[in-house]
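Peer 1: Take a look at the following structure, please.
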Amino acid sequence: ILLSVTNVIGEQIGDSRLVVFTKPLLIPILIIWFGFSANEKCRVRVPFMIALFAAWFGDMALLLHDQQMGNLFITGIVFFAVTQVLYTYCLYRLHGKSFFVNRWWFLFVSVLVILVISYILPKTESSYRLPVATYSILISIMLYQAISLVIVNPNARVLLYGAILFYVSDLMIALSTF
């Protein structure tokens, strides 16, 4: 938690050295924690750990991109897209129901992603529009699957909270970037 707080402070005050020091450590620590704490029989253990690795590669690509070490934005988006597909798969596996668990929530998330894309895409460089739109759709599907899981299993609320935080965080990044 201290490392996460330090990273957020570094981001907020614009201290790139603090961000470069803390960012590469965040997900590996999460991977180690999850690897030791997840039950061997957990049916999403492997895909979730692969998703975390993909997220780490995405973070590293964007970190290098931000440090002017090459145009790695698209690479980062691709890794994050893989992350969202795997998170969606994990959430779906946990509830095991049809994709369309609740049509009203599906409609809500669909309208949300249309609004987000409609706002962000006109401000996005043309070569980034397709990857940004695709990622927006993928993270929205992940959010819907988290909602679906809670509909089926109300005890899984913490996963929904994580999905909402993930969605809002990426939305804030998109709004500040584009």
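Peer 1: Is there any pair linking a residue in the range 1-22 that is farther than 18 Å from Q68 by Cβ to one that is part of a helix (DSSP H, G or I) and open to solvent by 60 Å² or more (accessible area, probe 1.4 Å), with Cβ under 8 Å and at least six apart or on different chains, and which?
Peer 2: Going by the 8 Å Cβ cut-off, the qualifying pairs are L3/L25; L3/I29.
Peer 1: What's the number of the condition M60 fails, among (1) within 22 Å of L94 (Cβ to Cβ); (2) out of contact with any Gly (no Cβ under 6 Å at 6 or more places or on another chain); (3) assigned to a helix (DSSP H, G or I)?
Peer 2: Of everything listed in (1) within 22 Å of L94 (Cβ to Cβ); (2) out of contact with any Gly (no Cβ under 6 Å at 6 or more places or on another chain); (3) assigned to a helix (DSSP H, G or I), M60 misses just condition (1).
Peer 1: Moving to a separate point now. Could you list, in sequence order, the residues of the range 50-69 that are over 13 Å from the mean Cα position of the chain (by Cα) and open to solvent by less than 40 Å² (accessible area, probe 1.4 Å)?
Peer 2: Within the range 50-69, M60, A61, L63 qualify.
Peer 1: Now for a separate question. Counting only residues that are open to solvent by less than 50 Å² (accessible area, probe 1.4 Å) and not acidic (D, E), how many does the range 1-47 have?
Peer 2: The first filter runs over the range 1-47 and keeps only residues open to solvent by less than 50 Å² (accessible area, probe 1.4 Å), leaving 3, 6-7, 10, 15, 18-19, 22-24, 26-28, 31, 34-35, 38, 42, 44-45, 47.
Still in the list and also not acidic (D, E): 3, 6-7, 10, 18-19, 22-24, 26-28, 31, 34-35, 38, 42, 44-45, 47.
Going through the range 1-47 one residue at a time, the tally reaches 20.
Peer 1: Let me ask another. Please specify each residue of the range 70-98 satisfying the condition of being open to solvent by 60 Å² or more (accessible area, probe 1.4 Å), without any contact (Cβ under 8 Å) to a residue 40 or more places away in the chain, within 30 Å of C42 (Cα to Cα) and not small (G, A, S).
Peer 2: Within the range 70-98, F79, V82 qualify.
Peer 1: What pairs come up if the first residue lies in the range 148-160 and is in contact (Cβ under 8 Å) with a residue 40 or more places away in the chain, the second is open to solvent by 60 Å² or more (accessible area, probe 1.4 Å) and basic (K, R), and their beta carbons are under 6 Å apart, counting only those six or more places apart or on different chains?
Peer 2: Listed pairs, sorted by first residue: V152/K97.
Peer 1: Working only within the range 153-166, note down all residues that are open to solvent by less than 20 Å² (accessible area, probe 1.4 Å) and either closer than 15 Å to T83 by Cβ or at pLDDT 95 or above (or both). Walk me through how you get there before you give the answer.
Peer 2: Within the range 153-166, the subset open to solvent by less than 20 Å² (accessible area, probe 1.4 Å) is 156, 163.
Residue satisfying the conditions is A163 alone.
Peer 1: Residues being within 13 Å of L143 (Cβ to Cβ) and either more than 19 Å from the chain's Cα centre (by Cα) or among the hydrophobic types (A, V, I, L, M, F, W, C) (or both): count how many of those fall in the range 108-125.
Peer 2: Qualifying residue count, the range 108-125: 6.
Peer 1: While we're here: Mind checking which pairs have a first residue in the range 23-42 that is under 21 Å from Q67 (Cα atoms) and a second that is of a type in the set (G, A, S) and surrounded by 11 or more Cβ atoms within 10 Å (Cβ to Cβ), Cβ under 6 Å, 6 or more apart or different chains?
Peer 2: Listed pairs, sorted by first residue: I27/A55.
Peer 1: Where residues in the range 100-118 are touching a residue at least 40 places away in the same chain (Cβ under 8 Å) and not aliphatic (A, V, I, L, M), which of them is least open to solvent (accessible area, probe 1.4 Å)?
Peer 2: Among those that are touching a residue at least 40 places away in the same chain (Cβ under 8 Å) and not aliphatic (A, V, I, L, M), it is N102.
Peer 1: Another question, then. State whether one or more residues within the range 143-152 are touching a Leu at 6+ places or on another chain (Cβ under 7 Å), under 18 Å from A81 (Cβ atoms), assigned to a helix (DSSP H, G or I) and not aliphatic (A, V, I, L, M).
Peer 2: Scanning the range 143-152, I find at least one residue that is touching a Leu at 6+ places or on another chain (Cβ under 7 Å), under 18 Å from A81 (Cβ atoms), assigned to a helix (DSSP H, G or I) and not aliphatic (A, V, I, L, M), so the answer is yes.
The values are calculated or read from the model by the stated rules, or taken from the named source; none is laboratory data. Please read all numbers here as calculations on a predicted model, not as lab measurements. Counting neighbours? That spans all protein chains shown, and the Cβs are built from the backbone with ideal geometry, glycine included. To get the accessible areas, we keep the full protein, side chains included, count just its heavy atoms, and leave off ligands, DNA and RNA. Shrake-Rupley method; radii C 1.70, N 1.55, O 1.52, S 1.80 Å.
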